[in-house]
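The values are calculated or read from the model by the stated rules, or taken from the named source; none is laboratory data. Since this is a predicted model, take the numbers as computed values, not measurements. Note that we place each Cβ from the backbone using ideal geometry, even for glycine, and neighbour counts take in every protein chain shown.
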Amino acid sequence: MNLGIKLKDGDWVLKVLHLINYLGNGGTEVYIQSLAKKLHNKKCKFYIAYSEGEMGRQMFQELGIDLINLKMQNPFDLRAAKELKDICKDLSIDVIHTHFLRENYISILSKLFGNSPKVINTRHMLFENTKTAILLNKLFTRKNDHIIAVSESVKDQLISEGIPEDKIKLIYTGIDLDEWRSQSDLSFRKEFKISEDELIITSVSRFSKEKGHDFFLESIKLMEDYIKEKDLAIGKYRFVLVGDGRYFDSMKEKAKELGLEDRVIFTGFRRDIKNILKSSDIFVSHSSNEAFGISILEAIAAMIPVITTNSGGTREIINPDYKNGILIQFGDREEMALSIVKLMQDKSLRQQLSKRAYELVEDKFSLDKTAEFTYNLYEV
């Protein structure tokens with residue numbers, strides 16, 4: 001293994017190449033960005049090689065990370081594997097950190113051409129693989145030095161697929177709470193003409209099928225019907241759905257069909273997530289499956305209570321045993337509707353839940369721990 005590069009004070013810095021096929025603005029890119037804030041130009045020098053996508057370039061350029069274009073046509077692209085080997089040789093890369101199966105397979109294949117860096121893969125997703133994918137993963141991951149599971153749920157799935165437990169390292173994705181201590185302002189409310197006395201119920205997620213936006217909108221409709229039926233004294237409120245993706249337009253149309261267009265705001269992609277969450281009163285995560293849930297941690301850091309579906313790694317953050325939020329079953333529209341009403345009506349409960357959740361994040365999900373544990377894998 002190389003010794004990386006040497007700083008003026010004599011310390012050695014490992015050179016780490018993050019390999020990702022599509023460079024967008026999702027949770028994986030935020031994961032890499034978070035590690036970079038703690039490690040890049042400190043204990044490590046990061047590089048990013050990607051095949052396509054431009055939306056994520058800015059967040060890494062702002063950190064001074066070199067971006068390299070590497071076309072990866074498919075998981076078995078031998079040309080890409082050869083080019084990856086050349087890139088690693090030219091840059092004296094110590095570690096390749098992969099984030100999806102295509103990039104991981106190509107990194108393993110690059111060893112056929114004599115590539116020497118350690119290969120570490122982070123499993124970010126939680127879904128049922130096909131029998132073929134499971135078989136290929138068992139074959140290829142034999143050559144991985146380590147596999148990072150972002151939650152116990154992901155670790156359990158890897159083991160169930162035949163990945164040796166001693167190759168898996170559980171490292172929760174953490175958050176830097178210090179970055180969230182700044183005061184909020186009213187710019188978001190002013191932008192969308194939301195008064196200070198209106199409650200804002202927010203979700204932040206990509207508009208893809210597994211994120212369950214249709215389930216959430218149907219729950220909102222059921223909630224409104226319930227409020228009218230019971231003649232509840234609920235004040236003014238707005239729902240804010242942050243994000244973009246394939247199902248964005250169809251979900252806007254669905255909201256219109258349900259008669260919700262006046263109460264639901266679709267913001268599209270936003271970079272000011274911190275300000276939006278700090279302007280909000282309740283956060284909802286409505287996925288059918290979720291490997292972990294970085295958006296939940298962000299909501300907790302913003303000191304707002306969370307309602308989430310029991311969809312995988314989410315129950316490792318919000319759990320009835322912790323009494324730090326509300327955990328419901330995906331697809332249970334009535335439970336979702338009643339949970340939202342419950343929090344809308346009870347400010348003291350909102351404060352209680354958010355405080356307990358914050359204490360858990362401080363103790364268990366700090367970014368310092370994530371960076372330290374990940375660096376230890378790079379180094380050994």
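When residues in the stretch 86-132 are screened for being under 17 Å from residue 149 (Cα atoms) and among the aliphatic types (A, V, I, L, M), 6 of them pass. What is the one condition in (1) without any contact (Cβ under 8 Å) to a residue 40 or more places away in the chain; (2) under 30 Å from residue 128 (Cα atoms); (3) out of contact with any Gly (no Cβ under 6 Å at 6 or more places or on another chain) that residue 318 does not satisfy? Going through (1) without any contact (Cβ under 8 Å) to a residue 40 or more places away in the chain; (2) under 30 Å from residue 128 (Cα atoms); (3) out of contact with any Gly (no Cβ under 6 Å at 6 or more places or on another chain) one by one, residue 318 breaks only (3). Against the conditions (1) hydrophobic (A, V, I, L, M, F, W, C); (2) buried (at least 24 other Cβ atoms within 10 Å of the Cβ); (3) over 21 Å from residue 123 (Cβ atoms); (4) modelled with pLDDT under 95, residue 292 satisfies every one except (3). Give the stretch 314-349 a look and list any residue that's assigned to a loop (DSSP other than H, G, I, E, B) and at pLDDT 95 or above, or say none. The answer is 317, 318, 324, 325, 329, 330, 331, 332, 346.
Restricting attention to the stretch 247-258, the residues that are touching a helix residue (DSSP H, G or I) at 6+ places or on another chain (Cβ under 8 Å) and either within 17 Å of residue 204 (Cα to Cα) or at pLDDT below 95 (or both) total 3.
Rundown of residues vs (1) farther than 24 Å from residue 372 by Cβ; (2) touching an Asp or Glu at 6+ places or on another chain (Cβ under 7 Å); (3) charged (D, E, K, R), yes/no style:
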| position | (1), (2), (3) |
| --- | --- |
| 44 | no, no, no |
| 50 | yes, no, no |
| 68 | yes, no, no |
| 72 | yes, yes, no |
| 79 | yes, no, yes |
| 89 | yes, no, yes |
| 102 | yes, no, yes |
| 109 | yes, no, no |
| 112 | yes, no, no |
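Taking the stretch 206-234 as the range and being in contact with an Asp or Glu (Cβ under 9 Å, 6 or more places away or on another chain), among the basic types (Lys, Arg) and under 20 Å from residue 328 (Cβ atoms) as the test, only 211 passes.
Conditions tested, residue by residue: (1) farther than 30 Å from residue 179 by Cα; (2) part of a loop (DSSP other than H, G, I, E, B).
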| residue | (1), (2) |
| --- | --- |
| 93 | yes, yes |
| 96 | no, no |
| 107 | yes, no |
| 119 | yes, no |
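Could you check how many residues of the stretch 69-96 are in contact with a helix residue (DSSP H, G or I) (Cβ under 8 Å, 6 or more places away or on another chain) and in contact (Cβ under 8 Å) with a residue 24 or more places away in the chain? Number satisfying all stated conditions: 17.
Please enumerate the residues belonging to the stretch 195-251 that are assigned to a loop (DSSP other than H, G, I, E, B), of a type in the set (S, T, N, Q) and either touching a Gly at 6+ places or on another chain (Cβ under 9 Å) or not assigned by TED's automatic domain parsing to the domain that holds residue 341 (or both).
Keep residues of the stretch 195-251 that are assigned to a loop (DSSP other than H, G, I, E, B), which gives 195-198, 205-208, 212, 231-236, 243-247.
When the remaining residues are screened for being of a type in the set (S, T, N, Q), the result is 195, 205, 208.
Within the stretch 195-251, 205, 208 meet the criteria.
Among the residues of the stretch 24-68, those identified as without any contact (Cβ under 8 Å) to a residue 40 or more places away in the chain, in a loop (DSSP other than H, G, I, E, B) and touching a strand residue (DSSP E or B) at 6+ places or on another chain (Cβ under 7 Å) are 53, 63, 65. Checking each residue in the stretch 116-156 for being of a type in the set (Val, Ile, Thr), touching a residue at least 40 places away in the same chain (Cβ under 8 Å) and in contact with an Asp or Glu (Cβ under 7 Å, 6 or more places away or on another chain) picks out only 120. Out of the stretch 164-181, which residues are over 24 Å from residue 310 (Cβ atoms) and either β-branched (Val, Ile, Thr) or free of Cβ contacts under 8 Å to residues at least 24 places away in the same chain (or both)? Hits for the stretch 164-181 are 164, 165, 166, 178, 181. The set of residues in the stretch 140-197 that are surrounded by fewer than 19 Cβ atoms within 10 Å (Cβ to Cβ), of a type in the set (A, V, I, L, M) and within 20 Å of residue 39 (Cβ to Cβ) comprises 170, 177.
Condition check for residue 97 on (1) crowded, with 22+ Cβ neighbours inside 10 Å; (2) over 19 Å from residue 170 (Cβ atoms): one failure, at (2).
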